[in-house]
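Let me begin by presenting the structure, written as structure tokens, before commenting on it.
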Amino acid sequence: MPKPATPAWVEGIVHDFWSTSPANSLYRDTDEKAWDVPIFGYSRGDDPYYRRFKEEIGPFYWTPEEIFNRTFPGQAARPEELTIICYVLPQTAATRRDQRREETFPSERWARSRWRGEMFNCDLRLHLAETISGAGYPAMAPERDPEFDYRRSERFGIASNWSERHAAFISGLGTFGLSDGLITPHGKAVRIGSVVAKMSLPPTPRPYPNHQAWCLYYARNTCGACVLRCPVDAITTGGGHDKDTCRDYVKDKAAKYATEHYGTGATPCGLCQVRIPCESRIPAELLAKENKPCPT
């Protein structure tokens, strides 16, 4: 018999790995962890938002049952039989502090969190999926699938075939900001992971009325702090996030700078995620407002 599936069991797997894995490190000759304590959210595979996002983003976008059934063709599941497990890894206070001081390129801690920290996140996704599968619940991490990649959406431009930010939104973990980042209870300075599993866990309520409710600009037409943080004007109040300009800067300049100065790989920037009201929390002005559940 499989071990009874509960949120506490799933979260224990993640917490144990987060606390004991030597990969959860910035590799700065200290025991400094790459990430602060994770938080969690859950959604069902038949949540209407998954089908809606596929329709809006493009036919290449995976629904949970599409990617799960391709991975486990002998154990095909209906959407309602699947749970999407999402977790948020907050940046540490030290990493955010260093990043706030920067104006053009990322700090060393931030670059290391994007490089080494994301390597840990990749390990964590796989560890969670493998541990759950070993307990009798087939599970997989879409972002680790060999065919995970980026395409062009006719409506939204650059888009991946599985979005962990969108899965986290559906799973009650946050809403989108002007820069396209997800504003979570621990703010926007985070990384996200997700696993799709054939198990039944209660979905997390979405404590917001819409997909932009925790962004001051969209909710109250104020702020725009992330606009001022972008070194290449890839964020504007009129146009939101220019993905192509952002990508070109990250790949052609920020990544080269980080490699030359810190010896890191990957593609860091993240300046728009700090020195803003939603850096490490939901803006206080919006918490005071009564939140209604987000409709489907």
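The values are calculated or read from the model by the stated rules, or taken from the named source; none is laboratory data. Since this is a predicted model, take the numbers as computed values, not measurements. Using ideal geometry, Cβ is built from the backbone for each residue, glycine included, and neighbour counts are taken over all protein chains shown.
Conditions (1) under 30 Å from residue 262 (Cβ atoms); (2) within 19 Å of the chain's Cα centre (by Cα); (3) of a type in the set (D, E, K, R), marked per residue:
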site	(1), (2), (3)
2	no, no, no
11	no, yes, yes
17	yes, yes, no
27	yes, no, no
39	yes, yes, no
43	no, yes, no
49	no, yes, no
55	no, no, yes
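Condition test on residue 131, is it surrounded by fewer than 22 Cβ atoms within 10 Å (Cβ to Cβ), assigned to a loop (DSSP other than H, G, I, E, B) and β-branched (Val, Ile, Thr)? Walk me through how you get there before you give the answer.
Details: surrounded by fewer than 22 Cβ atoms within 10 Å (Cβ to Cβ): yes; assigned to a loop (DSSP other than H, G, I, E, B): no; β-branched (Val, Ile, Thr): yes.
No, not satisfied.
Specify which of the listed residues (100, 78, 70, 114) is touching a Ser or Thr at 6+ places or on another chain (Cβ under 9 Å), farther than 13 Å from residue 34 by Cα and charged (D, E, K, R).
Numbers: 78 fails: touching a Ser or Thr at 6+ places or on another chain (Cβ under 9 Å); 70 fails: touching a Ser or Thr at 6+ places or on another chain (Cβ under 9 Å); 114 fails: farther than 13 Å from residue 34 by Cα.
It is 100.
Take residue 83 and tell me if it is buried (at least 20 other Cβ atoms within 10 Å of the Cβ), at pLDDT 95 or above and farther than 30 Å from residue 228 by Cα.
Details: buried (at least 20 other Cβ atoms within 10 Å of the Cβ): yes; at pLDDT 95 or above: yes; farther than 30 Å from residue 228 by Cα: yes.
When the stated conditions are applied, residue 83 passes them.
Does segment 36-53 contain any residue that is touching a residue at least 12 places away in the same chain (Cβ under 8 Å) and over 21 Å from residue 142 (Cα atoms)?
yes
Kindly provide the set of residues from segment 134-153 that are aliphatic (A, V, I, L, M) and either outside any loop (DSSP other than H, G, I, E, B) or within 19 Å of residue 192 (Cβ to Cβ) (or both), ordered by number.
Restricting attention to segment 134-153, the residues satisfying the condition of being aliphatic (A, V, I, L, M) are 135, 139-141.
Hits for segment 134-153 are 139, 140, 141.
Give me the residue from segment 169-210 that is surrounded by fewer than 23 Cβ atoms within 10 Å (Cβ to Cβ) and of a type in the set (Ser, Thr, Tyr) and, out of that set, farthest from the chain's Cα centre (by Cα).
Top of the filtered list is 200.
Of all residues in segment 226-241, which are of a type outside the set (Lys, Arg) and touching a residue at least 40 places away in the same chain (Cβ under 8 Å)? So that I can check it myself, show each step before the final result.
Here is the first cut: in segment 226-241, the ones of a type outside the set (Lys, Arg) are 226-228, 230-241.
Across segment 226-241, the qualifying residues are 226, 227, 230, 231, 235, 237, 240, 241.
Results for (1) assigned to a loop (DSSP other than H, G, I, E, B); (2) under 20 Å from residue 112 (Cα atoms), shown as yes or no for each residue.
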residue: 244; (1), (2): no, no
residue: 254; (1), (2): no, yes
residue: 261; (1), (2): no, yes
residue: 264; (1), (2): yes, yes
residue: 275; (1), (2): yes, yes
residue: 279; (1), (2): yes, yes
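Go through 104, 71 for me and flag whichever is surrounded by fewer than 18 Cβ atoms within 10 Å (Cβ to Cβ), over 30 Å from residue 261 (Cα atoms) and of a type in the set (Val, Ile, Thr). Give the steps one after another, and end with the answer.
Numbers: 104 fails: over 30 Å from residue 261 (Cα atoms).
On inspection, the qualifying residue turns out to be 71.
So that you can scan it fast, the table gives a plain yes or no per residue for (1) more than 20 Å from residue 250 (Cβ to Cβ); (2) free of Cβ contacts under 8 Å to residues at least 24 places away in the same chain:
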residue	(1), (2)
115	no, no
125	yes, no
129	yes, no
132	yes, no
138	yes, no
142	yes, no
145	yes, no
148	no, yes
154	yes, no
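Counting only residues that are assigned to a loop (DSSP other than H, G, I, E, B) and touching a helix residue (DSSP H, G or I) at 6+ places or on another chain (Cβ under 6 Å), which one in segment 1-37 is farthest from residue 86 (Cα to Cα)? Working first, answer last.
The initial filter retains those residues of segment 1-37 that are assigned to a loop (DSSP other than H, G, I, E, B), namely 1-6, 21-34, 36-37.
Next, only the ones that are touching a helix residue (DSSP H, G or I) at 6+ places or on another chain (Cβ under 6 Å) stay: 23-24, 26-27, 34.
Numbers: 23: 20, 24: 18, 26: 23, 27: 26, 34: 18 Å.
Only one residue fits best here, namely 27.
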